[in-house]
Amino acid sequence: MLLSTKLSDAFNTQVNAEMWSSNLYLAMAVYFKKEGLNGFAKWMEAQSKEELTHAYQLIDYTIDRGGDIVIGQVNIVPTAWGSPVEVFEHVYKHEKYVSELIDKLVDLAEEEKDHATSDFLYGFVREQVEEESTAKNILNDLKNYGDHHYGILDHQLGKRE
Ligand code: MG
């Protein structure tokens with residue numbers, strides 16, 4: 001069964017959203033580099049690469065199922081934040097938004113009775129549970145450690161591969 005045009009179009013939109021997310025986290029990595037918080041910057045770089053991986057997975061799946069992908073323009077991302085707490089508030093809000101996008105894709109796959117696509121998307125549904133939880137935990141840690149004690153967290157986050 002070929003991917004429906006509706007799903008193929010929706011996957012194109014999601015590929016663009018993943019690329020936008022990747023750029024957002026890259027911009028956040030730059031912010032942290034400029035702040036001298038290299039552990040945070042490393043974590044954000046890894047996050048940025050992971051978002052691109054999501055785009056590649058969606059591209060491969062769409063092509064494998066006979067859909068079409070066109071790489072389009074990616075909108076500009078924010079580049080300035082007031083503090084690390086503000087950055088992670090943004091991350092948490094953004095990941096909740098991405099979860100909504102994925103849920104809508106699952107809704108569409110179900111409407112189209114495309115079980116293979118539902119199954120494929122459940123991986124992304126599970127991933128979003130983890131993304132939201134991670135963002136929330138880091139945000140809580142940042143708030144608990146206080147505004148000027150980033151050292152411990154910076155060290156911890158820098159361990160991410
Ligand atoms: Mg993603």
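Tabulated data for the structure shown
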item: Residue ID - surrounded by the fewest Cβ atoms within 10 Å (Cβ to Cβ), chosen from residues in the stretch 96-153 that are outside any helix (DSSP H, G or I) and either touching a His at 6+ places or on another chain (Cβ under 9 Å) or modelled with pLDDT under 95 (or both); result: HIS148
item: Boolean, VAL91 is closer than 15 Å to ALA135 by Cβ, assigned to a helix (DSSP H, G or I) and at pLDDT below 95; result: no
item: Verdict on SER133 being of a type in the set (S, T, N, Q) and farther than 30 Å from TYR31 by Cβ; result: no
item: Residue in the stretch 20-28 that is under 21 Å from THR117 (Cβ atoms) and at pLDDT 95 or above present; result: yes
item: Among residues of the stretch 34-75, those that are more than 15 Å from the ligand (Cβ to nearest atom), in a loop (DSSP other than H, G, I, E, B) and under 19 Å from the mean Cα position of the chain (by Cα), counted; result: 4
item: Test for ASP9: is it farther than 21 Å from GLU127 by Cα and not in a helix (DSSP H, G or I); result: no
item: Candidates THR134, THR79, THR117 - the one that is under 19 Å from the mean Cα position of the chain (by Cα), more than 16 Å from the ligand (Cβ to nearest atom), of a type in the set (Ser, Thr, Tyr) and closer than 21 Å to GLU18 by Cβ; result: THR79
item: Pair list, Cβ < 8 Å and 6+ apart or interchain, from the stretch 4-30 residues that are farther than 21 Å from GLY82 by Cα and within 16 Å of the ligand (Cβ to nearest atom) to residues that are assigned to a helix (DSSP H, G or I) and among the small types (Gly, Ala, Ser); result: VAL15/ALA55; GLU18/ALA55; MET19/ALA55
item: Residue among VAL87, VAL125, VAL106 that alone is farther than 19 Å from TRP43 by Cα and either in contact with a Cys (Cβ under 9 Å, 6 or more places away or on another chain) or more than 14 Å from the ligand (Cβ to nearest atom) (or both); result: VAL106
item: Qualifying positions in the stretch 31-46 - out of contact with any Lys or Arg (no Cβ under 6 Å at 6 or more places or on another chain) and touching a residue at least 24 places away in the same chain (Cβ under 8 Å); result: TYR31, PHE32, GLU35, LEU37, ASN38, GLY39, PHE40, LYS42
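Here's the yes/no breakdown for (1) loosely packed, with under 12 Cβ neighbours inside 10 Å; (2) touching a helix residue (DSSP H, G or I) at 6+ places or on another chain (Cβ under 6 Å); (3) at negative phi:
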{"position": "LEU2", "(1), (2), (3)": "yes, no, yes"}
{"position": "THR5", "(1), (2), (3)": "yes, no, yes"}
{"position": "SER21", "(1), (2), (3)": "no, yes, yes"}
{"position": "MET28", "(1), (2), (3)": "no, yes, yes"}
{"position": "LYS49", "(1), (2), (3)": "no, no, yes"}
{"position": "LEU52", "(1), (2), (3)": "no, yes, yes"}
{"position": "LEU58", "(1), (2), (3)": "no, yes, yes"}
{"position": "ILE71", "(1), (2), (3)": "yes, no, yes"}
{"position": "VAL74", "(1), (2), (3)": "no, yes, yes"}
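The values are calculated or read from the model by the stated rules, or taken from the named source; none is laboratory data. Model, not experiment: these values are computed from the prediction. A quick note on method: Cβ atoms are made from the backbone with ideal geometry, for glycine too, and the neighbour counts reach across all protein chains shown.
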